[in-house]
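S.K.: The structure under discussion is supplied below as structure tokens; questions concerning it will follow.
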Amino acid sequence: MATNLGTGGKIKRQDALDYHSSGRPGKLEIAPTKPVTTARDLSLAYSPGVAEPCLEIAKDADLSYRYTSRGNLVAVISNGTAVLGLGDIGPHAAKPVMEGKGVLFKKFADIDVFDVEIDATDVDEMVRIIQALEPTFGGINLEDIRAPECFELEERLKATMNIPVFHDDQHGTAIISGAALLNAVHLAGKKIEEVKVVVSGAGASAVACARFYLELGVQRRNLLMVDRQGVIYEGRTEGMNAYKAQFAVPTDKRTLEEAMEGADVFLGLSAGGLVSQEMVRSMADNPIVFALANPDPEISYPDAVAARSDVIMATGRSDYPNQVNNVLGFPFIFRGALDVRARAITEGMKRAAAEALAKLAREEVPEHVMRAYGGKKLAFGPEYIIPTPFDDRVLLWVAPAVAQAAMEDGVARIQLDIDEYRERLKRSQSRSYGVMRSVVQKAKAKKTRIVFPEGDVLPVLQACSILASDEICDPILLGPEEKIRKMIAEHRLDELADALVIEPKSSKDFERYAAEYWKMRERKGITERLARQFMERRSTFGSMMIRDGKADGMVLGHTMSYPEAIRPPLQILRTIDGKSAAGVYVVVTKNDVKLFADCTVNPNPSAEELADIAERTAELARYFDLEPRIAMLSYSNFGSSTTESPAKMAKAAQILRERRPDLVVDGEMQVDAALVPEMRGELFPFSSLRESANVLIFPNLDAANISYKLLARMAGAEVIGPILLGMKHAVNVVQLRAGVNEIVNLAAITAIKAQADGFDF
């Protein structure tokens with residue numbers, strides 16, 4: 001089954017050719033994972049240093065997993081005899097597809113791939129070639145090899161090789177459609193042991209799917225396979241082989257039309273247009289139709305739905321609901337198999353993958369996943385029986401399930417703690433997750449009440465559901481209670497069932513808060529009538545709740561501009577000692593974590609304000625388990641320029657050194673001097689910084705804001721923030737239209753500030 005992530009529109013031939021040929025031809029490259037910038041690096045990477053791991057591996061071949069990339073390297077192997085719907089086009093023409101497979105492995109599971117195109121069709125020859133590759137790879141993915149040779153090839157390789165061998169055309173489709181089958185049968189109110197299944201097609205995918213459905217509980221007597229000659233029945237000799245023969249059953253049905261009468265399930269892996277509306281109408285109640293031929297299914301989605309309103313339908317296409325897409329399987333199956341160094345992929349591992357996918361489809365779908373599909377509502381039901389390819393939770397569900405099954409089936413070389421493994425996958429998936437982990441643990445140590453003024457906004461509610469479920473804080477939701485309760489029920493956010501929901505104008509505290517606010521602001525042009533109007537604004541009401549001690553902190557800003565959101569907290573809750581607030585971003589790159597300030601509040605802070613900002617940012621760093629090393633940044637190094645901006649940064653550094661001699665701080669300095677200890681040691685050996693700075697203080701808002709956004713957009717850095725420093729109370733303002741994870745992160749940071757346990761930022 002070809003993998004199709006959808007195009008969003010028709011792709012022109014020239015567009016596809018240009019995509020593959022522009023710039024560096026092809027879609028993959030090899031990149032070093034270790035530095036090779038000095039003579040010493042070269043000596044370690046190659047001669048003489050490379051001899052040491054060679055000698056260790058010579059003693060124990062399994063050490064190749066420790067000292068080389070083998071444990072994360074898969075071979076995608078094809079001879080080009082059955083490429084997509086193009087047929088036998090040969091190994092050269094198959095290479096773009098195999099490269100594409102490698103891209104998907106990397107994108108979805110961070111697995112490296114060598115695509116290997118073999119100019120051979122004889123099974124014996126292919127077996128010998130692939131067997132000889134075993135020392136190079138941690139796993140073998142067979143692809144686009146015609147039937148029946150693919151069956152024999154895989155069977156012989158699995159029997160003789162000590163690494164996982166997986167023919168995706170067979171098992172990928174089987175696993176994904178199997179997951180869909182489990183959920184479809186559930187929705188149809190049927191038992192899998194009783195359903196009657198018709199399989200149209202008898203190639204690699206069809207045979208593998210039929211075998212897997214039997215593993216899932218379908219009874220052999222209830223499964224009819226149909227090929228070009230008709231139903232495969234006991235006693236048939238025409239067009240038969242050993243693989244078809246295993247599905248021969250006693251039946252008087254001879255055609256696809258006859259087979260489909262009264263059937264519960266149709267699985268199509270054959271050709272477009274084979275199934276008519278009348279055939280669908282002849283099926284049992286709540287029929288399940290998986291028309292997976294690509295690009296044209298056996299019956300189109302509109303035709304099937306028009307024939308039967310009770311049909312549960314899946315196709316291989318992305319423009320209709322329930323796309324059976326192999327990318328939901330192979331990257332994550334190999335991820336789990338590689339991470340336990342599995343010797344094989346067992347039936348138990350395949351079943352575990354299918355069951356994990358089926359269970360995930362029944363979970364609430366995060367807002368960011370729906371956003372990837374144009375904001376379309378996705379919820380378990382007839383039009384959503386399997387997860388979508390861009391649901392990043394698939395990795396966290398499938399890979400651990402496969403790893404667990406491998407250990408239970410006795411094919412794992414190493415044993416993993418599955419909970420710890422899942423946490424590791426989360427960190428690999430999101431670098432910011434690893435950074436936030438310690439913050440979340442601190443937040444959970446003491447329960448706090450965090451108010452969310454935008455309580456009727458779905459991403460906010462989804463974030464609050466996570467916060468409540470993980471016991472990070474107790475969310476308080478502001479907004480129309482009836483609407484919010486309805487949204488909680490509709491989106492199955494059960495963790496918020498008992499959450500406190502307050503509609504400001506209906507609150508018993510409304511009049512008192514309005515009067516107090518009027519008194520606070522009466523000399524700021526606020527009348528009694530205006531005070532009441534302002535109190536209807538949830539951001540104002542939430543700030544008063546904190547002032548009143550009925551909430552410990554607040555997170556807002558998803559639907560507001562930053563100035564609009566921050567104004568009420570500044571007016572009501574004020575800053576510490578009347579000093580300026582500031583906004584910090586935690587910038588997480590592949591290998592490092594830095595704090596940038598001030599990115600959101602002060603356009604051109606003074607030296608004194610910069611010293612304050614640096615001090616509070618340093619304290620914040622410790623909550624991320626970082627020992628702060630502060631650099632006051634400029635275009636100048638240590639007095640090389642005496643213009644206003646460098647002088648300001650030098651003065652800020654001096655103020656902070658005098659105020660806090662316990663902190664490591666230096667400047668003014670250029671950013672490369674701050675980040676490269678070798679350069680600084682050579683040119684500025686007097687600097688108090690001995691390691692790379694991790695707290696970067698910028699001379700103005702322009703520089704800070706531009707810098708963090710450049711890293712995020714051009715270098716793929718992940719950012720956490722903005723974190724609001726200097727407030728008397730715990731308040732944070734998320735970016736406009738912030739995602740669920742961003743809201744969760746800032747809420748956890750707000751929670752630890754709200755704990756008020758020696759908090760000093």
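S.K.: Confirm whether Asp303 is farther than 22 Å from Gln229 by Cβ, charged (D, E, K, R), assigned by TED's automatic domain parsing to the domain that holds Phe212 and in contact (Cβ under 8 Å) with a residue 60 or more places away in the chain.
M.R.: No.
S.K.: Here is a further query. Run Ala208 past the list (1) more than 32 Å from the chain's Cα centre (by Cα); (2) surrounded by 17 or more Cβ atoms within 10 Å (Cβ to Cβ); (3) without any contact (Cβ under 8 Å) to a residue 60 or more places away in the chain; (4) not assigned by TED's automatic domain parsing to the domain that holds Ala120 and report the number of the one that doesn't hold.
M.R.: That leaves (1) as the condition not met.
S.K.: Among the residues of the range 158-172, which ones are hydrophobic (A, V, I, L, M, F, W, C) and surrounded by fewer than 21 Cβ atoms within 10 Å (Cβ to Cβ)?
M.R.: Ala159, Met161
S.K.: Specify which of the listed residues (Gly268, Gly235, Gly262) is assigned by TED's automatic domain parsing to the domain that holds Leu182, out of contact with any helix residue (DSSP H, G or I) (no Cβ under 8 Å at 6 or more places or on another chain) and closer than 18 Å to Ser300 by Cβ.
M.R.: None of the others qualify; the one that does is Gly268.
S.K.: Out of all the residues in the range 41-91, which are over 29 Å from the mean Cα position of the chain (by Cα), closer than 20 Å to Ile163 by Cβ and among the β-branched types (Val, Ile, Thr)?
M.R.: Ile57
S.K.: Separate question: Give the residue, chosen from Ile57, Ile77, that is closer than 30 Å to Ala293 by Cβ, β-branched (Val, Ile, Thr) and at pLDDT 90 or above.
M.R.: Step by step, each of Ile57, Ile77 is checked, and only Ile77 is closer than 30 Å to Ala293 by Cβ, β-branched (Val, Ile, Thr) and at pLDDT 90 or above.
S.K.: Just one of Ser438, Ser465, Ser469 is under 21 Å from the mean Cα position of the chain (by Cα) and surrounded by 16 or more Cβ atoms within 10 Å (Cβ to Cβ); which is it?
M.R.: Only one candidate qualifies: Ser465.
S.K.: May I ask you to verify whether Asn694 is closer than 30 Å to Lys550 by Cβ and touching a helix residue (DSSP H, G or I) at 6+ places or on another chain (Cβ under 9 Å)?
M.R.: Against the criterion (closer than 30 Å to Lys550 by Cβ and touching a helix residue (DSSP H, G or I) at 6+ places or on another chain (Cβ under 9 Å)), Asn694 does not qualify.
S.K.: Residues in the range 477-500 that are touching a residue at least 12 places away in the same chain (Cβ under 8 Å) and either of a type in the set (S, T, N, Q) or more than 22 Å from Pro366 (Cβ to Cβ) (or both): how many?
M.R.: Qualifying residue count for the region: 4.
S.K.: Same structure, new question: Quick check: anything in the range 295-303 over 38 Å from the mean Cα position of the chain (by Cα) and part of a helix (DSSP H, G or I)?
M.R.: no
S.K.: Please enumerate the residues belonging to the range 213-234 that are of a type in the set (Phe, Trp, Tyr) and modelled with pLDDT under 95.
M.R.: Once the filter is applied, which keeps residues that are of a type in the set (Phe, Trp, Tyr) and modelled with pLDDT under 95, the range 213-234 yields only Tyr233.
S.K.: Does Glu619 satisfy the condition of being assigned by TED's automatic domain parsing to the domain that holds Leu689, of a type in the set (D, E, K, R) and within 39 Å of the chain's Cα centre (by Cα)?
M.R.: So Glu619 passes the test.
Residues are listed down the side, and each one gets a yes or a no for (1) touching a residue at least 24 places away in the same chain (Cβ under 8 Å); (2) under 36 Å from the mean Cα position of the chain (by Cα):
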| residue | (1), (2) |
| --- | --- |
| Glu261 | no, no |
| Leu267 | yes, yes |
| Ala271 | yes, yes |
| Ala307 | yes, no |
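S.K.: Please work out which residue is modelled with the highest pLDDT, limiting yourself to the range 620-645 and to residues that are of a type in the set (D, E, K, R), surrounded by fewer than 18 Cβ atoms within 10 Å (Cβ to Cβ) and closer than 26 Å to Asp592 by Cβ.
M.R.: Glu627
S.K.: Taking Arg335 as the residue in question, decide whether it is under 20 Å from Asn72 (Cα atoms), part of a helix (DSSP H, G or I) and in contact with an Asp or Glu (Cβ under 9 Å, 6 or more places away or on another chain).
M.R.: Answer is yes for this residue.
The values are calculated or read from the model by the stated rules, or taken from the named source; none is laboratory data. Note that the structure is a prediction, hence the values are computed from the model and not measured. With ideal geometry, Cβ positions are generated from the backbone for all residues, glycine too; neighbour counts draw on all protein chains shown.
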